[in-house]
There are 2 protein chains.
Amino acid sequence: MADSRKSRSATAAQANEGTLITRGERKQRTRGTLLDAALKLMSEGRSFTSLGLREITREAGVVPTSFYRHFRDMDELGLALVEEGGLTLRRLLREARKAGVPAQDIIRSSVRIYLAYVREHHLHFGFIVGERMGGSGPIRRAIRTEVTHFTNEMAQDIQQLKLLGRPLSTASLQMICGLVVSTMLNAAGDILDLPPKQPQLEAELVDGYVRQLRLIFLGATQWKESS
Amino acid sequence: MADSRKSRSATAAQANEGTLITRGERKQRTRGTLLDAALKLMSEGRSFTSLGLREITREAGVVPTSFYRHFRDMDELGLALVEEGGLTLRRLLREARKAGVPAQDIIRSSVRIYLAYVREHHLHFGFIVGERMGGSGPIRRAIRTEVTHFTNEMAQDIQQLKLLGRPLSTASLQMICGLVVSTMLNAAGDILDLPPKQPQLEAELVDGYVRQLRLIFLGATQWKESS
DNA sequence: ATTGTTTGTCAACACTTGTACACTGAAATG
DNA sequence: CATTTCAGTGTACAAGTGTTGACAAACAAT
């Protein structure tokens with residue numbers, strides 16, 4: 001539902017390339033170009049709060065006043081972006097469930113798969129990671145909610161898969177997954193502003209995160225509930 | 001050197017409250033009010049890239065053109081803020097060294113002390129945490145550099161204090177400290193946008209981070225270099 | 001006492017910004 | 001077919017933006 005639109009390149013309003021008919025579809029389409037425009041501008045080193053309504057419509061190839069047909073104000077657009085990002089996060093878990101746990105060297109392959117996914121959806125991840133701790137309050141809170149949901153789902157998955165060998169209280173599981181998720185979001189932020197085509201740096205980065213996660217899971221296997 | 005100025009309240013240019021004489025001192029003083037103005041605006045839910053030059057000078061009680069007497073452009077001001085923030089970070093370590101390790105329940109009391117320090121310097125921490133992953137590239141990189149330095153110093157301290165019992169390679173130590181620092185920066189971000197006067201929420205938050213750190217150190221004591 | 005320096009001020013510039021209002025034309029509805 | 005609905009357009013305006021240049025007055029150096 002979130003990705004019928006695949007990163008269209010500007011000037012969309014009159015394109016009509018595919019065979020689309022209904023008015024509703026058209027509306028969703030330009031709404032999408034507005035969201036994409038915002039994401040693209042942010043990916044060029046800008047924060048959400050610095051974006052202007054006019055700037056976005058310009059990038060989207062639409063007249064400024066058209067913005068109001070889709071969002072009351074910038075905050076509403078921001079929240080829509082958070083929702084999209086949340087969907088992208090959830091999709092990651094769903095795909096992971098479907099693919100099953102990697103056969104050997106679980107952590108390293110998981111990190112690799114994850115980082116590939118981050119690169120594939122770098123706009124969403126850039127937004128989430130970038131706005132998670134700074135900028136607009138409402139958006140920050142919305143992101144926090146999404147990340148919490150993601151963490152809880154992950155905790156549930158780990159419990160069902162019995163990945164840690166012995167059972168743990170939900171509180172402990174959530175605390176561990178919270179640590180894992182924070183670490184992975186840091187990792188996303190790091191690779192996303194790695195200078196491109198630097199396999200050396202990238203390898204070091206991956207290595208560092210693999211070891212951090214190994215340490216976390218090592219701690220998790222030794223964890224005593226009583227603490 | 002960074003804190004001769006203690007969060008002055010606007011309209012500073014003509015104040016002349018204390019006995020200050022030299023021209024250089026006066027310059028540093030208004031330079032400080034500009035930096036403070038920027039920090040204050042950001043603490044009200046704005047990102048750095050969204051700040052305007054005029055806005056800052058207005059908040060500082062100074063005419064817009066005066067800005068150029070101190071900074072070539074906004075980026076230069078941002079880097080100055082990063083430097084200040086870096087100093088605040090280092091001061092934390094210095095004070096920790098002087099105070100020594102807390103007698104009992106080391107992790108819990110450390111977290112408490114740390115969070116008190118974060119609150120005391122909430123403007124600097126808000127800036128660092130908020131801009132660490134989003135917004136302007138140069139500033140993000142500068143922050144990363146400061147955080148890395150901080151991490152290295154921390155690793156050195158831990159090694160010298162033999163806090164982990166047995167010796168570890170510098171690489172492992174840095175990786176562990178990196179995890180600790182990331183976690184503490186997340187913690188800083190979390191308490192700083194906790195609604196005020198909510199001791200319940202705060203206690204839960206502190207508890208969560210205490211347990212995350214316990215897990216990390218538990219992992220660290222079991223860590224095998226060979227990994 | 002007479003210079004030169006330099007921090008902060010003032011006025012003005014060419015632009016950009018968010019938003020209001022009336023309008024068009026094609027899809028939706030009857 | 002006639003009518004209504006509404007996404008997108010065009011124009012307009014007040015308010016804010018970064019930056020320039022000339023100027024005032026307090027300090028510094030001679």
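The values are calculated or read from the model by the stated rules, or taken from the named source; none is laboratory data. Keep in mind that what you see is a predicted model, and the values were worked out from it rather than measured. Positions of Cβ are generated from backbone atoms using ideal geometry, with glycine treated the same way; all protein chains shown enter the neighbour counts.
Couple of notes before you dig in:
- Filter result for A:VAL181 (among the aliphatic types (A, V, I, L, M) and under 19 Å from A:GLY130 (Cα atoms)): yes
- Residues of region B:38-51 include none that is in contact with an Asp or Glu (Cβ under 8 Å, 6 or more places away or on another chain) and within 13 Å of DNA strand C (Cβ to nearest atom).
- The residues in region B:148-170 that are within 14 Å of chain A (Cβ to nearest Cβ), within 16 Å of the chain's Cα centre (by Cα) and surrounded by 20 or more Cβ atoms within 10 Å (Cβ to Cβ) can be counted, and the count is 1.
- Conditions (1) over 23 Å from B:ALA171 (Cβ atoms); (2) surrounded by fewer than 19 Cβ atoms within 10 Å (Cβ to Cβ); (3) within 8 Å of another protein chain (Cβ to nearest Cβ): number failed by A:GLN222: (1)
- For region B:171-219, taking the residues that are within 10 Å of another protein chain (Cβ to nearest Cβ) and of a type in the set (Lys, Arg), the one that is nearest to A:GLY178 (Cα to Cα) is identified as B:ARG211.
- Residues of region A:52-67 satisfying the condition of being among the β-branched types (Val, Ile, Thr) and within 10 Å of DNA strand C (Cβ to nearest atom): A:ILE56, A:THR57, A:VAL63, A:THR65
- Pairs where the first residue, in region B:56-82, is closer than 26 Å to B:ARG141 by Cα and the second is within 12 Å of DNA strand C (Cβ to nearest atom) and of a type in the set (Lys, Arg), C-beta under 7 Å, 6+ apart: B:HIS70/B:ARG31
- Residues of region A:21-75 classified as within 8 Å of DNA strand D (Cβ to nearest atom) and surrounded by 13 or more Cβ atoms within 10 Å (Cβ to Cβ), total: 10
Per-residue answers, yes or no, for (1) of a type outside the set (Phe, Trp, Tyr); (2) touching an Asp or Glu at 6+ places or on another chain (Cβ under 7 Å); (3) at pLDDT below 95:
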{"site": "B:GLU59", "(1), (2), (3)": "yes, no, no"}
{"site": "B:ALA80", "(1), (2), (3)": "yes, no, no"}
{"site": "B:GLY100", "(1), (2), (3)": "yes, no, yes"}
{"site": "B:GLN104", "(1), (2), (3)": "yes, no, yes"}
{"site": "B:TYR117", "(1), (2), (3)": "no, no, no"}
{"site": "B:HIS124", "(1), (2), (3)": "yes, yes, no"}
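- Put simply, of B:GLY86, B:GLY135 the only residue that is on the phi > 0 side of the Ramachandran plot, in contact (Cβ under 8 Å) with a residue 12 or more places away in the chain and touching a helix residue (DSSP H, G or I) at 6+ places or on another chain (Cβ under 7 Å) is B:GLY135.
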